[in-house]
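Notes to accompany the following structure.
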Amino acid sequence: MVRHLVIVLGDQLDPGASGFDDFDPDRDAVWMAEVAEESTHVWSSKPRTAVFLAAMRHFAADQRDAGRTVHYAELDGRGADGQANRGSLAAQLAADLKALEPESLIMTEPGEWRVREALVGVADAAGLTLEIREDRHFFCSVAEFAQHAEGRSSLRMEYFYREMRRRHGILMTKRDQPVGGRWNYDVDNRKAFPSQGPGLVPPRATFSPDETTQKVIALVESEFADHPGSLDTFAWPVTRAQALEALDLFIDERLPGFGDAQDAMWPGEPWLWHAHLSSSMNLKLLHPREVVAAAESAYRDRRAPLHAVEGFIRQILGWREYVRGIYWTQMPGYLERNAFEAFEPLPDWYWTGDTPMACLKDAVGTTLENGYAHHIQRLMVTGLYAMLLGVDPREVHAWYLAVYVDAVEWAELPNTLGMSQYADGGLMGSKPYAATGKYIDRMSPYCKTCPFDPAKRVGDDACPFTTLYWDYLVRHEEPLAANHRMSLQVKNLSRIDDDELRAIRDRADAIRRGDVVAPVPG
Ligand code: FAD
Ligand code: SF4
């Protein structure tokens with residue numbers, strides 16, 4: 001007879017999670033399930049599915065080694081009743097509850113609204129209590145964030161971040177001031193690489209798949225053969241020991257160089273000075289507190305400069321916590337936001353990388369090959385293009401949630417819908433991240449090998465970003481002119497004569513129809 005059945009989801013792989021408080025190995029048991037629906041409700045890429053399943057299997061094995069009973073349904077296996085996997089979390093849990101007859105259910109707060117609703121529904125239908133405990137993995141609870149948000153007309157990351165620094169005493173002096181005298185070194189984090197490139201970047205931490213991971217890779221290849229992405233170079237951390245090794249390597253070798261060129265891009269260099277720790281933190285293999293503490297120690301021990309350490313800590317203590325707060329205080333309505341009424345379909349080549357645009361080809365290519373692209377590729381290449389094109393935010397959201405190994409909805413949705421698409425009309429950001437191809441030209445050498453010209457807005461070789469940028473300003477002139485941070489950009493429209501404006505609109509329509517091809521040189 002099971003007393004408490006503790007539900008553990010694929011992104012809750014922490015034996016110290018609140019769901020395990022007062023766990024009694026003699027009376028309680030763990031429940032985990034691999035289900036096809038989590039890879040099909042969005043068209044999950046092979047690397048993303050493999051990271052989750054491999055990490056789940058390693059975690060379950062560790063739990064068994066620690067003397068806990070684990071009821072685990074493998075994707076191609078059977079549930080507790082001996083029947084074939086039911087294919088969804090709700091159906092599998094419902095079936096297993098009948099077989100196991102626990103007295104009650106416990107879980108740590110899930111990271112996705114849809115999953116929470118489904119599991120609550122199953123417990124209700126089974127007439128069982130489901131105790132949902134707070135997720136201690138974060139610096140800021142949802143209730144604390146709601147308190148911070150209360151009474152504010154707009155939510156800005158910077159104020160929240162300062163509050164978090166103070167509350168947790170991170171990078172603070174004894175007099176409660178930011179170390180170095182400034183809260184934010186963002187202006188020092190935006191350099192492009194010199195013309196010869198980023199130089200010798202330390203190699204990232206890689207982990208050869210062990211037997212468990214190899215089995216998962218074979219399973220994903222057979223069950224999700226037509227899904228996007230490749231597993232040929234799969235090397236992500238899938239255990240806590242590997243995640244800790246990746247953290248150590250980052251702190252020692254990359255953190256000192258993290259600060260300068262956070263926004264820069266370079267062809268064929270997907271990893272650069274970034275941490276590649278998001279999947280480990282999101283699966284809960286690493287606690288953000290230990291990541292932030294390791295970075296702060298590196299600064300205090302003079303192993304990394306302040307602008308690098310502050311820049312890195314801001315991403316975790318600031319952005320990561322902030323987007324989670326936005327998600328849980330705005331859902332479920334947030335998913336439906338579409339402030340600029342964008343309804344275009346996502347171009348098919350987002351799933352293949354088959355486009356002549358050099359920057360997009362590389363950003364989509366590395367995404368599919370590695371399940372990874374760094375922040376500026378996500379925000380200012382794939383995200384920017386979708387926003388300028390006018391793609392339906394739900395389609396953009398489904399793509400971002402599908403393709404990255406770190407994709408979990410609480411992190412992905414505000415970043416996509418709020419930050420990159422401005423579909424929440426300014427709740428998260430004070431203005432849309434709208435730019436022409438010249439921004440990409442400044443931050444990378446892509447344009448040098450591209451058949452399009454970032455400075456041109458009309459003509460066969462005009463950069464599609466640049467054409468679409470002006471078209472975007474025309475299409476949304478009224479709301480953008482009313483935004484004081486965009487009004488100057490909108491004013492520039494008056495410098496373009498009617499003939500050119502018509503040509504811009506025509507070319508933008510042609511781009512939307514997919515009629516634009518690379519111009520033939522000469
Ligand atoms: P680094 O650049 O080294 O940053 C360090 C850490 O800071 C990251 O590991 C991450 O945990 C955190 N971080 C940095 N920026 C953000 C941010 N804006 N929001 C939340 N955390 C942040 N991040 C996810 O974890 N999951 C997602 O599904 C996700 N989807 C995104 C979608 C879009 C459209 C955009 C623009 C960003 C998205 N991000 C997402 C945020 C960010 O791009 C990734 O966290 C980062 O690229 C992960 O790589 P890294 O570990 O090398 O990060
Ligand atoms: Fe991208 Fe335009 Fe530059 Fe080509 S010209 S690489 S499409 S920004």
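The values are calculated or read from the model by the stated rules, or taken from the named source; none is laboratory data. None of the values given here were measured: they were computed from a predicted structure. Note that each Cβ is placed from the backbone with ideal geometry, even for glycine, and that neighbours are counted across all protein chains shown. Keep in mind that these areas ignore ligands, DNA and RNA; they rest on the heavy atoms of the full protein, side chains included. Shrake-Rupley method; radii C 1.70, N 1.55, O 1.52, S 1.80 Å.
Probe of 1.4 angstrom, ligands and nucleic acids ignored: what's the accessible area per residue over segment 1-114, in square angstrom?
Here the residues of segment 1-114 average 37 Å² of exposed surface.
I want to check a number: in segment 425-522, how many lysine pairs have alpha carbons closer than 17 Å, given a sequence separation of 8 or more or different chains? Before the final figure, lay out the partial values.
Numbers: Lys431/Lys491; Lys438/Lys448; Lys438/Lys456; Lys448/Lys456.
So the count works out to 4.
What FRET efficiency do you get for Glu134 and Lys438 if R0 is 45 Å and r is their Cβ-Cβ distance, rounded to the nearest 0.05?
After rounding, the FRET efficiency stands at 0.45.
Can you pull out the trypsin sites (Lys or Arg not before Pro) in segment 447-522 that DSSP calls coil and that have at most 13 other Cβ atoms within 10 Å?
Arg485
Between rounded, prolate and oblate, where does segment 265-413 land on the alpha carbon gyration tensor, with a ≥ b ≥ c its root eigenvalues, rounded for a/c under 1.5, else prolate if a/b exceeds b/c?
Note, shape of segment 265-413 comes out oblate.
Given charges of +1 on the Cβ of Lys and Arg and -1 on the Cβ of Asp and Glu, with all other atoms neutral, how large is the dipole of segment 343-462 about its Cα centre, in debye to the nearest 20?
Its charge dipole is roughly 500 debye.
Which distance in Å, rounded to a whole number, links the C-alpha centroids of segment 167-213 and segment 64-131?
Cα centroid of segment 167-213 versus Cα centroid of segment 64-131: 39 Å apart.
For helix 464-475, what angle does its Cα long axis make with the longest principal axis of the chain, in degrees from 0 to 90 and rounded to 10?
Compared with the principal axis, the helix lies near 90 degrees.
Toward the positive end of the charge dipole of the chain, about the Cα centre and with charges on Cβ (Lys, Arg +1; Asp, Glu -1), which of Met331, Gln177, Leu13 goes farthest?
About the Cα centre, the residue reaching furthest to the positive side is Gln177.
Among Leu388, Pro347, Val490, flag the residue with its Cα farthest along the positive direction of the charge dipole of the chain, charges on Cβ as +1 for Lys/Arg and -1 for Asp/Glu.
My answer, from the dipole projection, is Val490.
If one takes the longest principal axis of the Cα atoms in the chain, at what angle in degrees, from 0 to 90 and to the nearest 10, does the Cα axis of helix 498-513 lie?
30
For segment 234-301, with only Lys/Arg (+1) and Asp/Glu (-1) charged at the beta-carbon, what is the dipole magnitude about the Cα centre, in debye rounded to 20?
Charge dipole, segment 234-301, about its Cα centre: 340 debye, nearest 20.
Excluding ligands and nucleic acids, what accessible area in Å² is computed for His168 using a 1.4 Å probe, to the nearest 10?
About 60 Å², ignoring ligands and nucleic acids.
Could you state the angle between the C-alpha long axis of helix 89-100 and the longest principal axis of the C-alpha atoms of the chain, as a value from 0 to 90 degrees rounded to the nearest 10?
0
Return an integer: the convex hull volume of the alpha-carbon atoms of the chain, in Å³ per residue.
Dividing the Cα hull volume of the chain by its residue count gives 161 Å³.
Over the chain, what relative contact order in percent results from Cα pairs under 8 Å that are six or more residues apart?
On the way: 844 pairs, mean separation 80.7, N = 522.
Dividing the mean separation by the residue count of the chain yields 15 percent.
At 7 Å along the Cα-to-beta-carbon direction for both Glu477 and Ala61, put a label point, then send me their distance in nm to one decimal.
Placing both labels 7 Å beyond Cα along the Cβ direction yields 6.3 nm.
Treating only the Cβ atoms of Lys and Arg (+1) and Asp and Glu (-1) as charged, compute the dipole magnitude of the chain about its Cα centre; round to the nearest 20 debye.
1840
Restricting to the chain, compute how many DSSP beta bridges are antiparallel as a %, nearest 5.
That works out to approximately 15 percent antiparallel.
Express the accessible area of segment 292-394 per residue in Å², computed with a 1.4 Å probe while the remaining protein chains stay in the model. Write out the running numbers ahead of the final one.
Numbers: 3450 Å² over 103 residues.
Value returned for segment 292-394: 33 Å² of accessible area per residue.
Would you mind classifying segment 214-348 by shape? Square roots of the alpha carbon gyration tensor eigenvalues, ordered a ≥ b ≥ c; an a/c under 1.5 is rounded, otherwise it is prolate if a/b is larger than b/c and oblate if not.
oblate
Would you work out which of Thr367, Val42, Ala90 lies farthest towards the positive end of the dipole of the chain? Charges go on Cβ: Lys and Arg +1, Asp and Glu -1.
In the chain, that residue is Thr367.
Can you give the accessible area of Arg300, probe radius 1.4 Å, in Å² rounded to 10?
120
So what's the back-of-envelope 222 nm ellipticity for the chain, counting only DSSP H runs of four-plus at -39500 (n - 2.57) apiece and dividing by all residues, rounded to 500?
-12000 deg cm²/dmol
Pop out the carbon and sulfur fraction of the accessible area of the chain as a percent, whole number, probe 1.4 Å.
Details: 10520 of 21670 Å².
C and S fraction of accessible area: 49 percent.
Please label the shape of segment 330-413 as rounded, prolate or oblate, based on the square roots a ≥ b ≥ c of the eigenvalues of the alpha-carbon gyration tensor (a/c under 1.5 means rounded; beyond that, a/b larger than b/c means prolate, else oblate).
oblate
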